[in-house]
Amino acid sequence: MKETIVVSNVSCAIICAKWALDLGYSQLRQILFLVGGLILGPLMLLILYVRLINKAKKEGATGGKTV
C-alpha cells in the first residue's frame, strides 16, 4: 500500500515540476512544486492544472476554451 502512494506521489512531483517549467516559473519555484508534489501529490497537480488552463485562456489557446 505504501509503495503505491510513494510511486504516485513521485510521478505527481515529476509532472508538477514539468508543468511549472511550462508555466515559466523560476527554478526555485519548480523545486518547491516538486517538493509539494511529493508531499501533497494530486492537490498540487490540481493547482497547476488550473493555472495552465487560466494561462491558455489568456493566450486564447484551444485548451482554454470552455464548453
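Listed values, structure above:
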quantity: Positions within segment 9-26 being assigned to a helix (DSSP H, G or I), in contact with a Phe, Trp or Tyr (Cβ under 8 Å, 6 or more places away or on another chain) and not aliphatic (A, V, I, L, M), in sequence order; calculated: 16, 19
quantity: The lone exception for residue 5 - which of (1) modelled with pLDDT under 90; (2) of a type in the set (Val, Ile, Thr); (3) surrounded by 13 or more Cβ atoms within 10 Å (Cβ to Cβ) it fails; calculated: (3)
quantity: Residue ID - surrounded by the most Cβ atoms within 10 Å (Cβ to Cβ), chosen from residues in segment 12-67 that are among the aromatic types (Phe, Trp, Tyr) and under 28 Å from residue 2 (Cα atoms); calculated: 33
quantity: Test: residue 56 is at pLDDT below 85 and of a type in the set (Gly, Ala, Ser); calculated: yes
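The values are calculated or read from the model by the stated rules, or taken from the named source; none is laboratory data. Values in this document were obtained by computation on a predicted structure and should not be read as measured data. Backbone-built Cβ (ideal geometry, glycine too); neighbour counts: all protein chains shown.
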